[in-house]
Amino acid sequence: MRLSTVYSGAVYGVDAFSVEIEVNAGHGEPMVVIVGLPDAAVKESKDRVHTAILNSGFKPHIGRTTINLAPADIKKEGPSFDLPIAIGMLHATGEMDVENLPQIAIVGELALSGEVRRVKGVLPIAIRAREAGMAGIIVPEDNAEEAAVVDGLAVYPVRTLRQAADFLSGTLVQKPYRVDLAKVFQSTDGNEDDYADVKGQEQAKRAIEVAVAGGHNLLMVGPPGTGKSMLAKRLPSILPVMSLEEALETTKIHSIAGTLEPHLALVAKRPFRSPHHTISDAGLLGGGAHPIPGEVSLAHRGVLFLDELPEFRRNVLEVLRQPLEDGVVTISRAAATVTFPCRFMLVAAMNPCPCGYFGDASHECRCTQTVIQKYRNKISGPLLDRIDIHIEVPAIRYQELAALGKGENSVQIRERVMAARAIQRERFKGTPGLHNNAGMGTRQIHKQCVIGEDAQNLLRMAITELNFSARAYDRILKVSRTIADLAGAEQIAPEHVSEAIQYRTLDRQIWA
C-alpha cells in the first residue's frame, strides 16, 4: 500500500483554485474517510467511487482509506472530485501504475456504472490547471469542447473510469482534443429574428440602434400590442460580435452556473436573458448557501430584458442599482464573499398605466390619476436615472401594418453599430475596463463630450424647463456622443443633443 497524490480543481466565484487530493490506502477496519472540509456531495462520493471501481473491473481496497482534500481550510463542493478520488485510490492500491500523474489535472463525476458525467466549472478549472503548469487535464467527454478553448493545455476527454485508468497507465493511446475557435464564432452568425419583420416603429428602432451602439440602458413605454417585446427580442441580431476575451468571461459564468450546453465550446453569442417578473432578488443577483451567478451575471456582455417592469417587486428592482453602476455584484455569506461580473445592457418594457391605454387615442383609459401615479412609482427615480434612454412605443397605424415593403434589416443596422463601436474602442483604448460610451465616468464625459454654445443653450433650456436631474444631464451627453459616433462626427452637434433629449420621455413633465 502507498500514498497517492492526484491534482484537481474547484471553483470559487468565477475563478478556480487547485485542489490536491491525497489518498492513503492502509490497514485496519474497511472504511473510507474524507477530510478537508468536504460538503455532503463530496462525502457521498466514497459510495459512488467504491461501486464505480467494482463495476469497472477493478478490486476495491479492503482496509482503511484516508482521503485528504487540500487546502483543508476551503470548503469543497459538488461531485467533480469523484474521478480524481477513484484514480487516486486505484493508484494507491496498485491497481494501476502511473508515472506522469502529477502532471495531469483530473475532474469528473462518476456514475455507479463507472461512466464519467459532465460537471460544472470545467473552463475556470482548466484555466487554473494551465496557470499551475499542468501538462494536461482529463475531463468528461461532454466537457471536452469547453476545456479545449484553453490554449496551451492538452485536453483528454474520457467516457468511463476504465478509459481514464488505461490512458494514465499507458495502455490506451489518446490524442489531445482540439477545437476550432473560428468555426465556433462562425456558427453564431445569423439570427432568425430580424428587424425587417417589424412593421412601423421607426423611432423605436432608431432608439434601439443608438442604445446598442453605445451600450446604453433602454426603457420602452407603450400600450399592449405595440411590439415592445418583439423589438427587444430582435436585439441580439444587431449586437456586435464578441471578442475571444469577452466570450471566455461569459463562458466561465455559464460554466459555473451549469447553464452551458453539452459539447458547447464557448458562449460566442451575446446572452439575452429574460427572467419572469416573479423572480426573487437572489435569483436576479445570485446567491444561495454556496453563491452561484444570478440573471444579471448570466447576462454579462449581453442583454437583460425585463418585460412588464412595474410588475417586478420593488425590492428586486432596487437591487439592480448597484450592479448597473459598478458592473459587478458582490454576494456576502458567513463563509465567504464572492464577486461576479455583470456588465450588461438593461432593456425594459412597461405599459403607461395598469390598464395599458393611458394616452392611446383608440382606447379609453379606465385608470385614475392616483392609480397611474402609484403604478409608475413602483420604479424609483434613482433606477430611472440609471436608464439612459426612455422612449414611447405608440400603437401602430393600419397603413403601417398593411404596407407591403419591409423595413431596414438587422444586417444594415448592425454594420452601423459595429462602426460606432469601433470608434469607441479606439477612443478608450488606453482606459482599462472602458469599452463604450455608456461606461464613461465624469472625467471621461468632460473630456469626450465637449459641446458648442448652441448645443449648450439647448441643453440648458431642457434642464431648466423640464427639470432634468444632474444624472440625466450626464446621460444626455453620453447618448449625444453615441449619436455623433453613429453619424461619424467628431464634434457633438445641436441636432445630436436634441435627439438625446427626446430619449428622456419619463423625465419630461409633458408625459405626466
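Annotations for the structure displayed:
- Under 14 Å, Cβ to Cβ, from Glu245 - net charge with Lys/Arg +1 and Asp/Glu -1: +2
- Cα gyration tensor shape of the range 325-446, rounded if a/c is under 1.5, else prolate or oblate by comparing a/b with b/c: oblate
- All Cα-Cα separations within the range 14-127 were binned at 10 Å from zero, giving a P(r) of 14, 48, 34, 4, 0, each value a whole percent of the pairs.
- Distant-in-sequence amide H partners of Gly356 (H built 1.01 Å from N, under 5 Å): none
- Rounded to the nearest Hz, the phi-derived 3J(HN,Hα) couplings of the range 20-28 under the Karplus curve 6.51 cos²θ - 1.76 cosθ + 1.60 (θ = phi - 60°) are 9, 9, 9, 10, 10, 9, x, 8, x, where x marks glycine and proline.
- With eigenvalues of the C-alpha gyration tensor scaled by 5 and rooted, the range 171-287, Å: 34, 19, 12
- Whole-Hz couplings from phi, Karplus 6.51/-1.76/1.60, listed for the range 30-39; x for Gly and Pro: x, 6, 10, 10, 10, 10, x, 6, x, 8
- Averaged over residues, the count of other Cβ atoms within 10 Å places the peptides 112-118, 131-137 in the sequence 112-118, 131-137, highest first.
- For Gln322, net neighbour charge (Lys/Arg +1, Asp/Glu -1) across residues whose Cβ lies under 12 Å away: -2
- A Förster radius of 60 Å, combined with the Cβ-Cβ distance separating Tyr177 from Gln369, puts the computed FRET efficiency at roughly 0.40.
- Between amide H atoms placed 1.01 Å from N, distances below 5 Å from Leu172 occur with Phe167, all of them 5 or more places distant or on a separate chain.
- The chain: DSSP helices with Cα axial extent of at least 30 Å and average Kyte-Doolittle hydropathy no lower than -1.0: none
- Computed extension length for Lys59-Glu495: 149.0 nm, one decimal, from 0.36 nm per residue of separation with the Cα-Cα distance subtracted.
- Three-way shape call for the range 230-330 based on the alpha-carbon gyration tensor, with the a/c threshold at 1.5: oblate
- The range 485-499 and the range 23-72 have Cα centres spaced 67 Å apart.
- Distance in nm between pseudo-label sites at Glu465 and Phe17 (7 Å out along the Cβ direction from Cα): 6.1 nm
- Centroid-to-centroid separation of the range 124-153 and the range 217-292 [C-alpha atoms, Å]: 25 Å
- Using the average count of surrounding beta-carbon atoms within 10 Å as a protection proxy, the listed peptides 287-296, 358-367, 271-280 rank, highest first, as 287-296, 271-280, 358-367.
- Using a probe of 1.4 angstrom and keeping all protein chains present, the accessible surface of the range 221-314 works out to 35 square angstrom per residue.
- Share of Cα-Cα pairs in the range 51-185 lying beyond 27 Å, as whole percent: 17 percent
- Amide H partners (placed H, <5 Å) of Leu306, local residues excluded: Val347, Ala348, Ala349
- Distance between the 7 Å Cα→Cβ label points at Val411 and Leu3: 6.5 nm.
- Each residue of the range 336-345 was assigned a 3J(HN,Hα) from its phi angle through the Karplus curve 6.51 cos²θ - 1.76 cosθ + 1.60 (θ = phi - 60°); the sequence is 6, 10, 10, 10, 10, x, 7, 8, 10, 9 Hz, with glycine and proline shown as x.
- From helices alone, the chain scores -10500 deg cm²/dmol at 222 nm; the rule is -39500 (n - 2.57) for each run of n ≥ 4 DSSP H residues, then divide by the residue total.
- From most to least packed by mean Cβ count within 10 Å, the peptides 468-476, 373-381 give 468-476, 373-381.
- Accessible-area composition of the range 1-113, carbon plus sulfur, in percent [1.4 Å probe]: 53 percent
- Two-site label geometry, Leu37 and Ala72: point separation in nm, points 7 Å out along Cα→Cβ: 1.3 nm
- Range of Cα positions in the chain per principal axis (Å), largest first: 86, 47, 45
The values are calculated or read from the model by the stated rules, or taken from the named source; none is laboratory data. What you are looking at is a predicted structure, and each value in this text was computed from that prediction instead of being measured. In this analysis, Cβ positions are derived from the backbone assuming ideal geometry, glycine residues included, and neighbour counts consider all displayed protein chains. The protein model used for the area step is the full one, side chains on, heavy atoms only, and it has no ligands, DNA or RNA in it. Shrake-Rupley method; radii C 1.70, N 1.55, O 1.52, S 1.80 Å.
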